[in-house]
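Student: Got a structure for you, questions after.
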Amino acid sequence: MSHISPTDEQRRIIYQARRGLKELDFYIDPYVKNHYLTASAEEQTAFAKLLTYEDPDLLNFFMGQAKPEEPEVEELVTLLKSYQKPDS
């Protein structure tokens, strides 16, 4: 994690980010470890909204088979996917 100490709310969100599907962890873990604590308040709010979705829905979002209702959550899914571009 970053050198920033998370607030209690941020700790709660980080805990909620742990999922049972390794496919989801592939996208979510690097974001939590490298970007979440330094993200804007708006982005952190979007991440909290993202985590309210069930795992199958999240998997569909990351696989491009569905889109979240909130545009800010859709943008965040795109951002998390961009962190996973394969090495060329």
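Student: Can we say Y31 is out of contact with any Cys (no Cβ under 6 Å at 6 or more places or on another chain) and touching a residue at least 40 places away in the same chain (Cβ under 8 Å)?
Tutor: When the stated conditions are applied, Y31 passes them.
Student: On to the next question. Check off (1) on the phi > 0 side of the Ramachandran plot; (2) touching a helix residue (DSSP H, G or I) at 6+ places or on another chain (Cβ under 8 Å); (3) not acidic (D, E) for G64 and give me the number that stays unchecked.
Tutor: Failing condition for G64: (2).
Student: Can you tell me which residues in the range 42-88 are of a type in the set (S, T, N, Q) and under 14 Å from L21 (Cα atoms)?
Tutor: Going through the range 42-88, the residues of a type in the set (S, T, N, Q) turn out to be 44-45, 52, 60, 65, 78, 82, 84, 88.
Once the filter is applied, which keeps residues that are of a type in the set (S, T, N, Q) and under 14 Å from L21 (Cα atoms), the range 42-88 yields only N60.
Student: Under 6 Å between Cβ atoms, which residue pairs at least 6 apart in sequence (or on different chains) link something in the range 71-88 that is surrounded by 15 or more Cβ atoms within 10 Å (Cβ to Cβ) with a partner that is in a loop (DSSP other than H, G, I, E, B) and at pLDDT 95 or above?
Tutor: Every condition considered, the pairs that remain are E74/K67; E74/P68.
Student: Follow-up. So which residues in the range 31-42 are surrounded by 16 or more Cβ atoms within 10 Å (Cβ to Cβ) and β-branched (V, I, T), if there are any at all?
Tutor: Across the range 31-42, the qualifying residue is only V32.
Student: Here is a follow-up. Can you tell me how many residues within the range 1-36 are charged (D, E, K, R) and outside any helix (DSSP H, G or I)?
Tutor: 2
Student: Applying the selection to the range 17-34, what residues are over 12 Å from V77 (Cα atoms) and either out of contact with any Ser or Thr (no Cβ under 9 Å at 6 or more places or on another chain) or of a type in the set (F, W, Y) (or both)?
Tutor: Residues satisfying the conditions are A17, R18, R19, G20, L21, K22, E23, D25, F26, D29, P30, V32.
Student: Let me ask something else about it. Considering only the range 48-88, how many residues are touching a Leu at 6+ places or on another chain (Cβ under 9 Å), assigned to a helix (DSSP H, G or I), closer than 21 Å to R11 by Cα and among the hydrophobic types (A, V, I, L, M, F, W, C)?
Tutor: 6
Student: Can I ask one more? How many of the residues in the range 50-68 are under 13 Å from K81 (Cα atoms) and either surrounded by 15 or more Cβ atoms within 10 Å (Cβ to Cβ) or touching a Lys or Arg at 6+ places or on another chain (Cβ under 9 Å) (or both)? Give the derivation first.
Tutor: Start the filter on the range 50-68 by keeping residues that are under 13 Å from K81 (Cα atoms), which leaves 58-64.
In the following step, the residues that additionally are either surrounded by 15 or more Cβ atoms within 10 Å (Cβ to Cβ) or touching a Lys or Arg at 6+ places or on another chain (Cβ under 9 Å) (or both) were identified as 58-62, 64.
Result for the range 50-68: 6.
Student: Identify, please: which residue in the range 20-49 is out of contact with any Lys or Arg (no Cβ under 8 Å at 6 or more places or on another chain) and of a type in the set (D, E, K, R) and is, among those, farthest from K81 (Cα to Cα)?
Tutor: So the first thing to find is which residues in the range 20-49 are out of contact with any Lys or Arg (no Cβ under 8 Å at 6 or more places or on another chain), and the list is 20-24, 26, 29-49.
Now narrow it down to the ones that are of a type in the set (D, E, K, R): 22-23, 29, 33, 42-43, 49.
Values: K22: 15, E23: 12, D29: 12, K33: 15, E42: 18, E43: 15, K49: 17 Å.
Only one residue fits best here, namely E42.
Student: With respect to the numbered conditions (1) surrounded by fewer than 11 Cβ atoms within 10 Å (Cβ to Cβ); (2) assigned to a helix (DSSP H, G or I); (3) not basic (K, R), which one is the sole condition not fulfilled by T45?
Tutor: (1)
The values are calculated or read from the model by the stated rules, or taken from the named source; none is laboratory data. Just so it is clear, the model here is predicted, and its values are computed rather than measured. Note that each Cβ is placed from the backbone with ideal geometry, even for glycine, and that neighbours are counted across all protein chains shown.
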